[in-house]
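This report refers to the structure that appears directly beneath it.
The values are calculated or read from the model by the stated rules, or taken from the named source; none is laboratory data. Not measured: the values here are computed from a predicted model. Every residue, glycine as well, gets a Cβ built from its backbone with ideal geometry; the counts of neighbours run over all protein chains shown. The area values use the complete protein model at the heavy-atom level, side chains included, leaving out ligands, DNA and RNA. Shrake-Rupley method; radii C 1.70, N 1.55, O 1.52, S 1.80 Å.
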Amino acid sequence: MTVTAFAPETEERFALARQVADAVLFEGYVLYPYRASAAKNRLRWQFGVLVPPGWGTECEEHDFQHTECLMEPKAGATLSVEVRFLHARRRTVQRARPDGGFDTVPELRLDDRVLVPWDEGSEERVAVVASVEELLGDGVTHPFRLPAREDTAPVLDAAGRTVGRLVRRSEEISGTVRLSARELDGPYRVLRLTAVVENTSDWTAPEGRGADREAALPHSLVASHLLMALSAGSFLSMTDPPEWAKGAVAACRNLHTWPVLAGEAGRADLVLSSPIILEDHPAIAPESPGALYDALEIDEILALRTAALTEEEKREARGTDERAAAVIELADSMPPEVLERLHGAVRSLREVTGPGPAAPDDGFPDEYGVTRPDTPWWDPASEAGFDPAQDRVLVDGRSVGQGSRVELRPGARRTDAQDIFLRGRAAKVEAVLHDVDGGVHLAVTVEGDPGADVRREQGRFLYFQPDEVTPLEADV
């Protein structure tokens, strides 16, 4: 059956998952510097775009998402599904004429913002609830349709006079949600759930325009993803399934999306199927002050750079989109203590609530199985016997130290492309360094590097191990 609202307990579970789902929904919606004129904001919405089938054959984007995952429902369980996506809403800007009419213009400049044409994204939801028994066999098919619509909003100046208006138009979209389940053979009652979301719009590109993505976007399901919840029972992790289910998980087909466990850690009754691959139980960092629409960046950097925009740049950002305007306001009003929280957080260390156990006198392992010696693992006094400027190391039978010329030969252990690019380059050894584990490293500068003097002055070198270099000449 189709519903417009879920039961209160289901809605409560979805509300927590939507915090992460919103990050998927609006990822890349508008990027720093949050202006429509920025090059990076002219090709938008890279994830989960389900295009009309008549146009999808001409591009690398798709008209459907196919999710499969495993679930262990209890008797009488129901499945609640919420399809979420953005509907591109094309906005044009018009200036008021003295006779009361309006003219479409490329921009409308106000004291606090500059309004320009832009594609806004309105959030859409399609809800379906079905019993697990209904999913068996032919399953459940739910078509949906969003009609075309157009609305206008007046633009007022500081004195309250109408100086223009915004015209927003949404195109018709139609789609289908298909849900089915099949019981698998085995010692446990496990069902493979299949959920398919399709764009069934009959729009095709106008004659002579060819494969125009900009024309297809208003007819597309943008950033589409699924939330699915069981009323009783649990889903199996697709990332880390139990041993007995690994074969069945490997047989699942997931096309243009990937399902992970969502909601509170420790629970398995909710799944988020997203076009962006996530880990189980993804969560928004508690330090994050608000949406910046670019989860691939660092909040601290974005906040600082946004606050540093010129007033003219901020005016254009405010006029680009209401969400962009909110980012500008967030950056301008962020208290220092909130900004300081963005500088970093450590979550992998256990909390210490009191003094740890004393080190045993006999050197036996402590409560964690780690031997605690009488002396620290690193003694600063032990550095007295090393001198990076004078120490030398044998490489291919030759003595190599500060001033030696070597050819860089990054080994198989290195996966950094920047190091691989230096293969075969000549370099000068600046120092021979020893680490606390007894390893030896050569600090080098690359010959021909125009920044070598700056690196040398600042002590910022490249580091290679002795077996990753070949001496170019014997030291005199």
query = VAL114 fails exactly one of the following numbered conditions: (1) closer than 28 Å to LEU43 by Cα; (2) at pLDDT 95 or above; (3) open to solvent by less than 50 Å² (accessible area, probe 1.4 Å). What is the number of that condition?
reply = (2)
message = Residue under question is VAL81, and the condition is that it be of a type in the set (Val, Ile, Thr), part of a strand (DSSP E or B), touching a residue at least 24 places away in the same chain (Cβ under 8 Å) and under 29 Å from MET238 (Cβ atoms); does it hold?
response = yes
request  = Go through (1) open to solvent by less than 40 Å² (accessible area, probe 1.4 Å); (2) over 28 Å from SER274 (Cα atoms); (3) modelled with pLDDT under 95; (4) not acidic (Asp, Glu) one by one and return the number of the condition ARG161 breaks.
outcome  = (1)
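Yes/no matrix, rows are residues, columns are (1) at pLDDT 90 or above; (2) within 38 Å of the chain's Cα centre (by Cα):
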site: ARG423; (1), (2): no, yes
site: ALA426; (1), (2): yes, no
site: GLU430; (1), (2): yes, no
site: VAL444; (1), (2): yes, yes
ask   = Can ARG189 be described as under 11 Å from THR67 (Cβ atoms), in a loop (DSSP other than H, G, I, E, B), open to solvent by 10 Å² or more (accessible area, probe 1.4 Å) and out of contact with any Leu (no Cβ under 8 Å at 6 or more places or on another chain)?
value = no
note = Residue pairs within 7 Å by beta carbon, gap of at least six or interchain, first lying in segment 272-297 and small (Gly, Ala, Ser) and at pLDDT 75 or above, second open to solvent by less than 40 Å² (accessible area, probe 1.4 Å) and part of a loop (DSSP other than H, G, I, E, B), listed first then second, are SER273/THR257; SER274/THR257; ALA291/PHE26
ask   = So which pairs qualify, if the first residue must be in segment 231-259 and within 24 Å of GLU198 (Cβ to Cβ) and of a type in the set (Lys, Arg), the second must be modelled with pLDDT of 95 or more and surrounded by 12 or more Cβ atoms within 10 Å (Cβ to Cβ), the Cβ gap must be under 6 Å, and the two must be at least 6 apart or on different chains?
value = ARG253/GLU68
task = Considering every residue within segment 51-60, establish whether at least one is modelled with pLDDT of 85 or more and either of a type outside the set (Val, Ile, Thr) or part of a strand (DSSP E or B) (or both).
result = yes
inquiry  = Of the conditions (1) out of contact with any His (no Cβ under 6 Å at 6 or more places or on another chain); (2) outside any loop (DSSP other than H, G, I, E, B), LEU433 satisfies every one except a single condition; which number is it?
reply    = (1)
request  = Scan segment 158-165 and give yes if some residue there is among the basic types (Lys, Arg), touching a helix residue (DSSP H, G or I) at 6+ places or on another chain (Cβ under 9 Å) and over 27 Å from ARG13 (Cβ atoms), otherwise no.
outcome  = no
request  = Restrict the check to segment 456-463 and report whether at least one residue is part of a strand (DSSP E or B) and open to solvent by less than 80 Å² (accessible area, probe 1.4 Å).
outcome  = yes
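Kindly provide the set of residues from segment 24-40 that are assigned to a helix (DSSP H, G or I) and either on the phi > 0 side of the Ramachandran plot or surrounded by fewer than 21 Cβ atoms within 10 Å (Cβ to Cβ) (or both), ordered by number.
Residues satisfying the conditions are ALA39, LYS40.
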